[in-house]
Amino acid sequence: MTNSLIKHLDRLLWIAVVVAVAVTMVTPKPAAASDTRSLVLLLRHAYAPGGGDPDNFDLNDCSTQRNLSHQGREQARDIGRQLKSLGIKPTAVWSSQWCRSFETAELMNVGQVQALPALNSFFQNRAAGPSQMRELQSFLKKLDPAGGPYIMSSHQVVVSAIANTWVNSGDGVWLELTGNPDDPWRIYPAKTETLSLPPGF
């Protein structure tokens with residue numbers, strides 16, 4: 001190999017290195033908002049026909065409660081499939097102790113479900129609502145904005161109290177945790193017929 005050819009190859013190699021470095025320097029990094037660790041998905045349980053619970057309601061006996069229908073179970077499974085397709089891998093999944101809520105979270109199949117009484121329904125005991133919502137808000141404020149994403153399965157009254165909005169069975173809201181105690185989260189709708197992430201994620 002001649003000296004001139006070697007010098008020519010050296011120049012080409014040097015040019016290739018310079019171009020590679022330049023491309024690396026100008027390639028934009030993903031926006032921080034694309035990081036879903038700050039998200040909480042707060043859902044109303046999947047479809048359970050009727051309203052409220054029977055007079056003989058027993059928290060420890062699912063047969064005394066209003067439960068998911070076949071449609072509701074399929075809805076819960078579909079929500080789980082959509083979450084996986086969005087790349088959501090929850091670090092924690094919490095549910096109300098009500099059977100229809102807990103079953104919703106289990107059928108989503110996105111993580112081990114833990115009972116969280118602050119997510120329980122107070123539909124038939126409205127007097128318990130304010131103190132329970134203070135408890136849930138305190139729990140949410142203590143979540144690490146860099147430790148999620150998190151999933152919560154609950155009830156209409158709970159979602160309404162947190163987000164001041166009505167949601168259908170299986171729907172809910174995204175809460176974007178800010179880490180600011182004075183403005184702890186931003187709220188976005190979560191329609192699960194076709195679930196999508198909040199704007200910017």
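The values are calculated or read from the model by the stated rules, or taken from the named source; none is laboratory data. Owing to the predicted nature of the structure, the values given are computational and were not obtained by experimental measurement. Please note: Cβ atoms are built from the backbone with ideal geometry, for glycine as well, and neighbour counts cover all protein chains shown.
Summary of values
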item: In region 78-98, the residues that are over 26 Å from G200 (Cα atoms) and surrounded by 16 or more Cβ atoms within 10 Å (Cβ to Cβ); result: S95, S96, W98
item: Residue within region 7-14 that is at pLDDT 55 or above and among the basic types (K, R) present; result: yes
item: Cβ-Cβ under 7 Å pairs, at least 6 apart or on other chains, region 45-64 side surrounded by fewer than 14 Cβ atoms within 10 Å (Cβ to Cβ), far side modelled with pLDDT of 95 or more and among the small types (G, A, S); result: P49/S69
item: Of the criteria (1) among the charged types (D, E, K, R); (2) closer than 17 Å to N120 by Cα; (3) free of Cβ contacts under 8 Å to residues at least 60 places away in the same chain, which one D171 fails; result: (3)
item: Test: residue in region 133-155 that is of a type in the set (G, A, S), modelled with pLDDT under 95, surrounded by 12 or more Cβ atoms within 10 Å (Cβ to Cβ) and within 24 Å of Q97 (Cα to Cα); result: no
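Table: residues versus (1) hydrophobic (A, V, I, L, M, F, W, C); (2) over 19 Å from S38 (Cβ atoms).
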site: R73; (1), (2): no, yes
site: R77; (1), (2): no, yes
site: Q82; (1), (2): no, yes
site: G87; (1), (2): no, no
site: S96; (1), (2): no, yes
site: A105; (1), (2): yes, yes
site: A127; (1), (2): yes, yes
site: S138; (1), (2): no, no
site: P149; (1), (2): no, no
